[in-house]
Amino acid sequence: MSSSPRVLVDALRRNLPALGLLVLLGYLVVVPLALLLVASFKPTGLPLDPGWSLQSYIDVYGDAGFYRITLTTLKFALGCTASALTRPLTGKLPEAVPLATGAGPSSVHVV
(Lines give C-alpha, C1' and ligand atoms only; values in the text may rest on other atoms or scores of the structure.)
Protein backbone atom coordinates (compact mmCIF):
# COMPACT_ATOMS: atom_id res chain seq x y z
CA MET A 1 0.00 0.00 0.00
CA SER A 2 3.02 2.31 0.03
CA SER A 3 2.59 2.96 -3.71
CA SER A 4 -1.00 4.20 -3.32
CA PRO A 5 -0.15 7.92 -2.81
CA ARG A 6 2.23 7.76 -5.76
CA VAL A 7 -0.53 6.34 -7.98
CA LEU A 8 -2.88 9.14 -6.92
CA VAL A 9 -0.26 11.79 -7.66
CA ASP A 10 0.41 10.30 -11.09
CA ALA A 11 -3.31 10.15 -11.87
CA LEU A 12 -3.74 13.77 -10.75
CA ARG A 13 -0.79 14.88 -12.85
CA ARG A 14 -2.20 13.15 -15.95
CA ASN A 15 -5.67 14.65 -15.45
CA LEU A 16 -4.61 18.14 -14.35
CA PRO A 17 -5.37 19.83 -17.71
CA ALA A 18 -8.84 18.29 -17.80
CA LEU A 19 -9.48 19.30 -14.19
CA GLY A 20 -8.32 22.84 -14.95
CA LEU A 21 -10.70 23.08 -17.90
CA LEU A 22 -13.53 21.70 -15.78
CA VAL A 23 -12.92 24.34 -13.09
CA LEU A 24 -12.73 27.11 -15.73
CA LEU A 25 -15.92 25.94 -17.42
CA GLY A 26 -17.69 25.69 -14.08
CA TYR A 27 -16.60 29.25 -13.23
CA LEU A 28 -17.67 30.61 -16.63
CA VAL A 29 -21.11 28.98 -16.35
CA VAL A 30 -22.01 28.98 -12.65
CA VAL A 31 -20.98 32.55 -11.76
CA PRO A 32 -23.00 34.27 -14.54
CA LEU A 33 -26.03 32.07 -13.79
CA ALA A 34 -25.82 32.92 -10.09
CA LEU A 35 -25.55 36.65 -10.87
CA LEU A 36 -28.52 36.40 -13.22
CA LEU A 37 -30.60 34.65 -10.58
CA VAL A 38 -29.71 37.21 -7.89
CA ALA A 39 -30.36 40.12 -10.27
CA SER A 40 -33.80 38.74 -11.13
CA PHE A 41 -34.88 39.35 -7.53
CA LYS A 42 -33.50 42.90 -7.32
CA PRO A 43 -35.87 45.84 -7.95
CA THR A 44 -33.41 47.54 -10.32
CA GLY A 45 -32.17 44.35 -11.99
CA LEU A 46 -28.59 44.95 -10.84
CA PRO A 47 -27.15 42.23 -8.59
CA LEU A 48 -25.28 44.56 -6.19
CA ASP A 49 -28.15 47.01 -5.55
CA PRO A 50 -29.95 46.83 -2.20
CA GLY A 51 -33.36 45.28 -1.68
CA TRP A 52 -35.25 42.24 -2.87
CA SER A 53 -38.46 42.07 -4.85
CA LEU A 54 -40.74 39.63 -6.65
CA GLN A 55 -42.19 42.41 -8.83
CA SER A 56 -40.32 41.29 -11.96
CA TYR A 57 -41.82 37.81 -11.70
CA ILE A 58 -45.28 39.23 -10.98
CA ASP A 59 -45.03 41.45 -14.08
CA VAL A 60 -43.91 38.64 -16.38
CA TYR A 61 -46.28 35.92 -15.19
CA GLY A 62 -49.17 38.39 -14.98
CA ASP A 63 -48.86 39.32 -18.66
CA ALA A 64 -51.11 37.37 -21.04
CA GLY A 65 -48.57 37.71 -23.85
CA PHE A 66 -46.09 35.61 -21.85
CA TYR A 67 -48.32 32.55 -22.09
CA ARG A 68 -48.90 33.08 -25.82
CA ILE A 69 -45.15 33.29 -26.45
CA THR A 70 -44.51 30.27 -24.23
CA LEU A 71 -47.08 28.22 -26.17
CA THR A 72 -45.55 29.27 -29.50
CA THR A 73 -42.08 28.30 -28.27
CA LEU A 74 -43.38 24.93 -27.06
CA LYS A 75 -45.02 24.24 -30.44
CA PHE A 76 -41.81 25.17 -32.25
CA ALA A 77 -39.68 22.95 -30.00
CA LEU A 78 -42.03 19.98 -30.36
CA GLY A 79 -42.15 20.43 -34.14
CA CYS A 80 -38.35 20.54 -34.40
CA THR A 81 -38.03 17.48 -32.16
CA ALA A 82 -40.62 15.53 -34.15
CA SER A 83 -38.94 16.53 -37.41
CA ALA A 84 -35.53 15.44 -36.16
CA LEU A 85 -36.82 12.11 -34.86
CA THR A 86 -38.79 11.19 -37.98
CA ARG A 87 -35.99 11.77 -40.50
CA PRO A 88 -33.93 8.71 -41.37
CA LEU A 89 -30.63 8.67 -39.52
CA THR A 90 -28.26 7.87 -42.38
CA GLY A 91 -25.21 9.67 -41.06
CA LYS A 92 -24.78 11.49 -44.38
CA LEU A 93 -24.93 15.21 -45.10
CA PRO A 94 -27.77 16.46 -47.30
CA GLU A 95 -26.96 16.24 -51.00
CA ALA A 96 -26.88 19.34 -53.19
CA VAL A 97 -29.64 19.23 -55.80
CA PRO A 98 -29.50 21.67 -58.75
CA LEU A 99 -32.74 23.53 -59.43
CA ALA A 100 -34.43 23.22 -62.81
CA THR A 101 -34.06 26.96 -63.47
CA GLY A 102 -30.42 26.81 -64.53
CA ALA A 103 -26.90 25.86 -63.67
CA GLY A 104 -24.40 27.65 -61.50
CA PRO A 105 -23.72 28.21 -57.82
CA SER A 106 -26.85 30.33 -57.29
CA SER A 107 -29.11 27.51 -58.49
CA VAL A 108 -27.90 24.86 -56.05
CA HIS A 109 -30.42 24.05 -53.38
CA VAL A 110 -29.76 21.87 -50.32
CA VAL A 111 -32.56 19.52 -49.28
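Consider Pro17 carefully, then state whether it is modelled with pLDDT under 90 and touching a Leu at 6+ places or on another chain (Cβ under 7 Å). Break it down stepwise before answering.
Numbers: modelled with pLDDT under 90: yes; touching a Leu at 6+ places or on another chain (Cβ under 7 Å): no.
Considered against the rule, which asks whether it is modelled with pLDDT under 90 and touching a Leu at 6+ places or on another chain (Cβ under 7 Å), Pro17 comes out as no.
Restricting segment 67-96 to residues that are of a type in the set (A, V, I, L, M) and assigned to a loop (DSSP other than H, G, I, E, B), which is modelled with the lowest pLDDT?
Leu93
What single numbered condition from (1) surrounded by 10 or more Cβ atoms within 10 Å (Cβ to Cβ); (2) hydrophobic (A, V, I, L, M, F, W, C); (3) modelled with pLDDT of 55 or more fails to hold for Leu99?
(3)
Condition check ((1) assigned to a helix (DSSP H, G or I); (2) surrounded by 10 or more Cβ atoms within 10 Å (Cβ to Cβ)) across all residues:
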site: Val29; (1), (2): yes, yes
site: Leu37; (1), (2): yes, yes
site: Thr44; (1), (2): no, yes
site: Pro50; (1), (2): no, no
site: Gly65; (1), (2): yes, no
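The values are calculated or read from the model by the stated rules, or taken from the named source; none is laboratory data. Not measured: the values here are computed from a predicted model. Don't worry about glycine lacking a Cβ; one is built from the backbone with ideal geometry, like all the others, and counts go over all protein chains shown.
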